[in-house]
Every structure is written in C-alpha cells, then in structure tokens.
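The values are calculated or read from the model by the stated rules, or taken from the named source; none is laboratory data. All figures in this text were calculated on a predicted structure; none of them were measured in a lab. All Cβ positions, glycine included, derive from the backbone under ideal geometry; neighbour counts span all protein chains shown.
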Amino acid sequence: MLNNPVFVTSNSNISSYNKKTHTLTIKNVNNDTYFINIDNNIKTLHLKIINSNINIIENYLGNITNCSFTIDIDNNSSLNRCSILVDNTTQSKIFRNVNNNGQYISMQIDLTDNNIYNQENIYLLSENAYTLVTNGIYAFNKNIKNYQTNLNHLVPNCISKAQIFAVNNDFAHVNISTDAYIKNKAAKTKTTQEGRIINLKDTCSGIVFPNLHIDENDVEASHSCSVGSLNQEHIYYLQSRGLSLKQAQNVLIRGYFNPILENIIDETIKNEITKVLTKRIG
C-alpha cells in the first residue's frame, strides 16, 4: 500500500497536522478518504474530526510494538475507520480512546502472523451518538490475539453495536472480551454485542467474554457468543459442488468476514480489504 507521505488524501488542503502534538485535524470535509500509514514514524496520533463525514484507512507497517490513538468526533461528524493488520512484522499493542459525539464505525481486519493486543475504549457522549465496532480476526501458527472492547454509554438515547468474529487455525488462541457500560441516567440507550470464534483444528482455542454492566432500568441490552468448528454439512455441500476441502474452508472463512465488508460503503476501502483477505487466506 502507500508509504509516503504518511497521510494521503484526494485533497491535501483540507487538514492540518501538528507534528509536536501528533494531532491531525480534519474540519469541514465531506465524503473524503484518508490513508494513514502506522509505522515507526507514528506511534501516537490524535485525530480531531470536526463537521466532517470521512473515511480513514489505517495500514500497519513494519516493526510496531506499541501505538496509541485518541479520536474526538463532534456531533456534526461521521467517521468510518478501517484498520488493516497484515504487513506489521512484530507483535503489537494497540490502544484507542474514542470520544464520540456523532457517528463512529470502527472496523479492523487482522490477518497478521503476529501476536496482537487490541484495546478500544469508546465513550458515547451525546444523545443520538452511534457506534458500530466490527472486527474480523484470522489467527494461525502460534498467534495469541486479545481483543478488548469497552463501550461506555454516558448519556441517554445512544446506540452501540459490537460484532467481533475470529477464525483460529494451527495452535493459535483468541480472546474476545466486550464490555458495555450503561451508566445511571443513560436511559433509552441500546447496546448489542456478538462474539464468534471458529476453530479449524483441535489444537487451537478461543474464549469469548460478553459482559453487560447496567446501572439504568430503561435500556435495551443483549449479547451472544459462540465457539465451535466449521459446519461440516456446509463443507460437504461445497465439496459436492466440486470444491476441494481447502477451497470449501476458504469460502466459509471468507463468509466470516462479511460483516466487515457489508458495512463498508466506500468502494476504495472495500477493494483494499478484499486484496488483503485474498493475500492471506487465498
């Protein structure tokens, strides 16, 4: 993907970057896409989204051990953020703190052959704020991948959804933990969370922890989780149509990443995700 400059967009005059504070401010922008390379040049980043409707693609490159982000979204803004982890060359810890007053869609596709710890803390700060987190994870070899998502409802009438899906192979292990907090007086808020793990072999393992912490009565909250293997009837059906076992598995694995693809409106982002997915699983 793109290496230089670090921030690439179709209009170089619409944003400002403060190198001292590592702050990228995007103001009064509509329907533009930013490509941001996360490497040794960027280990911390503060994004300010003001009166804007934008897409961001983050591509992780090289030796990145720790990186942290703060994202501020005002109530007139919408951010679709998509992270791609495939070209980083070492285990990584990723932290995000998101102050969301508008609409925030967080997507991550993790296909890297490295251990990953990912923690995202999202604060819904205004009425009618909306958050969707949807992650697709493929773990193989001896990867250990931990995904922690915290959804903090602090005001009434806000909505959060989390869909964290993983496919395990070889000797890999995945932990998925999703915690939704609905504070007192955050009435009429809604939260749903779904965690699913497919194990391709008996030697891999996974755990899903869905948690609801509710201090208000007038809310809608639900969660679900599952850990299992690929549906053998589906594999048999695909093999009966001429596919090999590997081809049948790949078709089903690709289907596991559909929740990400379905939520990508921008065709540029969708094409990038498809290329990465094809590169890793065939």
### Message
Return the residues of segment 78-98 that are of a type outside the set (Val, Ile, Thr), buried (at least 20 other Cβ atoms within 10 Å of the Cβ) and either within 11 Å of the chain's Cα centre (by Cα) or at pLDDT 95 or above (or both); say none if nothing qualifies.
### Response
Leu79, Asn80, Arg81, Cys82, Ser83, Leu85, Arg96
### Query
Going through segment 108-121 one residue at a time, which ones are within 19 Å of Val208 (Cβ to Cβ) and surrounded by 21 or more Cβ atoms within 10 Å (Cβ to Cβ)?
Gln108, Ile109, Asp110, Ile116, Asn118, Glu120
### Task
Run down Asn75, Asn51 and say which single residue is closer than 23 Å to Ser126 by Cβ and touching a residue at least 40 places away in the same chain (Cβ under 8 Å).
Asn75
### Query
Mind checking which pairs have a first residue in segment 163-179 that is among the acidic types (Asp, Glu) and a second that is in a loop (DSSP other than H, G, I, E, B), Cβ under 6 Å, 6 or more apart or different chains?
Asp170/Phe140; Asp170/Asn141
### Query
So Ser68 fits all but one of (1) more than 22 Å from Asp32 (Cα to Cα); (2) in contact with a Ser or Thr (Cβ under 6 Å, 6 or more places away or on another chain); (3) crowded, with 17+ Cβ neighbours inside 10 Å; what number is the exception?
(3)
### Task
May I ask you to list the residues in segment 97-124 that are among the small types (Gly, Ala, Ser) and part of a strand (DSSP E or B)?
Ser106
### Message
Just to check your reading of the model, which residue among Ile56, Ile64, Ile94 is without any contact (Cβ under 8 Å) to a residue 60 or more places away in the chain and not in a strand (DSSP E or B)?
### Response
Ile64
## Note on the structure
Conditions (1) surrounded by 24 or more Cβ atoms within 10 Å (Cβ to Cβ); (2) more than 21 Å from His173 (Cβ to Cβ); (3) not aliphatic (A, V, I, L, M) -> Thr149 fails only (2)
### Task
May I ask you to list the residues in segment 99-148 that are over 11 Å from the mean Cα position of the chain (by Cα), at pLDDT below 95 and hydroxyl-bearing (Ser, Thr, Tyr)?
Thr112, Tyr138
### Summary
All conditions in (1) buried (at least 19 other Cβ atoms within 10 Å of the Cβ); (2) not in a strand (DSSP E or B) are true of Asn128 except (1)
## Note on the structure
Restricting attention to segment 227-273, the residues that are loosely packed, with under 15 Cβ neighbours inside 10 Å and within 19 Å of the chain's Cα centre (by Cα) number exactly 7
